[in-house]
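The values are calculated or read from the model by the stated rules, or taken from the named source; none is laboratory data. Worth saying up front: this structure is predicted, and the values here are computed from it rather than measured. We place every Cβ from the backbone using ideal geometry, glycine too, and count neighbours over all the protein chains shown. Each accessible area value is taken on the protein alone, full model and side chains, heavy atoms only, with ligands, DNA and RNA left out. Shrake-Rupley method; radii C 1.70, N 1.55, O 1.52, S 1.80 Å.
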Amino acid sequence: EKVYAKPKVAIVVDDFGYSKNNLDAFLGLKQPITLSILPEQRYTGEVARLAKAHGFEIILHLPLEPDRDDVREEADTIKTDMSEKETLLILKKEIELVPGIAGVSNHMGSKATEDRATMTPIIRHLKSEGLYYFDSLTSGRSVCVDVARSLGARCAKRDIFLDNSNNTAAIEKQLADLETMAFKRGEAIAICHDRKNTAAVLARELPRMDKEGIEFVRLSELVRR
């Protein structure tokens, strides 16, 4: 049932920077999406420039320490055993590598985002720079929103992943779930990834969702103190 007539939905697309293969497809979407860009990748700067030129909001996809040992970490991943000084050095460098960002989200980071001592200086620095923090919620035990609220920093968190499966029908089903959630709650935030199938499904489904009353917005519109 539709409790809200014009719910707001933000879609964040993660993992830009490795290639430009799908960039045109995402930049061609007629709705505002938010691009989350990894630092220190071959196309980091170029994607940031093009996205901004097309009027899209961009955020830094900050590599943080995962729980699992079987995943390949990015260069300069912030680790829970680093000093505050080391953490902030990496953070500041990586913010500079993606010019024009509105905020920062975590790439991986299931271990780091559960650790108050790691996240507090990060979120405090973002607040001082006028940037919001977006919790990808890779761990159900994340302390990020809690930390942000205690610091009075702007933050938001993911509600749903759209493309944990690369199967087109599965992505469509997740979009339908996103729509249901949005009409029930008035707003919702989804994460998907820089992938061909995802771009194709969004190009097909977003106009239909728009007609049904969903208002697509930049992530910054759904950020709270």
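If you take the residues of the stretch 70-121 that are under 16 Å from ASP135 (Cα atoms) and assigned to a loop (DSSP other than H, G, I, E, B), which of them is most open to solvent (accessible area, probe 1.4 Å)? Result: LYS111. Hey, does the stretch 55-69 have a residue that's farther than 22 Å from GLN41 by Cα, β-branched (Val, Ile, Thr), modelled with pLDDT of 95 or more and in contact with a Lys or Arg (Cβ under 7 Å, 6 or more places away or on another chain)? The answer is no, given that none of the residues of the stretch 55-69 is farther than 22 Å from GLN41 by Cα, β-branched (Val, Ile, Thr), modelled with pLDDT of 95 or more and in contact with a Lys or Arg (Cβ under 7 Å, 6 or more places away or on another chain). Picking from residues in the stretch 184-199 that are charged (D, E, K, R) and assigned to a helix (DSSP H, G or I), the one that is nearest to PHE16 (Cα to Cα) is LYS196.
The residues listed here are LEU202, LEU206, LEU178; of these, the one that is in a helix (DSSP H, G or I), in contact with a Cys (Cβ under 9 Å, 6 or more places away or on another chain) and aliphatic (A, V, I, L, M) is LEU202.
Note on the stretch 122-138: residues that are surrounded by 19 or more Cβ atoms within 10 Å (Cβ to Cβ), out of contact with any Pro (no Cβ under 8 Å at 6 or more places or on another chain) and not in a helix (DSSP H, G or I) amount to 7. Scanning the stretch 38-53 for any residue that is assigned to a strand (DSSP E or B), touching an Asp or Glu at 6+ places or on another chain (Cβ under 9 Å) and closer than 23 Å to ARG158 by Cα turns up nothing.
Picking from residues in the stretch 209-221 that are of a type outside the set (A, V, I, L, M, F, W, C) and in a helix (DSSP H, G or I), the one that is surrounded by the most Cβ atoms within 10 Å (Cβ to Cβ) is SER220. ARG224 satisfies every condition listed in (1) open to solvent by 20 Å² or more (accessible area, probe 1.4 Å); (2) within 13 Å of the chain's Cα centre (by Cα) except (2). Among the residues of the stretch 169-205, the one identified as without any contact (Cβ under 8 Å) to a residue 60 or more places away in the chain, closer than 16 Å to PHE26 by Cα and loosely packed, with under 15 Cβ neighbours inside 10 Å is ARG204.
For the stretch 31-44, the tally of residues that are out of contact with any Gly (no Cβ under 9 Å at 6 or more places or on another chain) and either surrounded by fewer than 16 Cβ atoms within 10 Å (Cβ to Cβ) or over 16 Å from GLU94 (Cβ atoms) (or both) stands at 2. Give the residues of the stretch 46-73 that are more than 17 Å from the chain's Cα centre (by Cα) and within 17 Å of GLU96 (Cβ to Cβ), sorted by residue number. If the condition is that a residue be more than 17 Å from the chain's Cα centre (by Cα) and within 17 Å of GLU96 (Cβ to Cβ), then GLU46, ARG49 are the ones that fit. Taken over the stretch 45-56, the criterion of being open to solvent by 10 Å² or more (accessible area, probe 1.4 Å) and in contact with a strand residue (DSSP E or B) (Cβ under 8 Å, 6 or more places away or on another chain) is satisfied by LYS52, PHE56.
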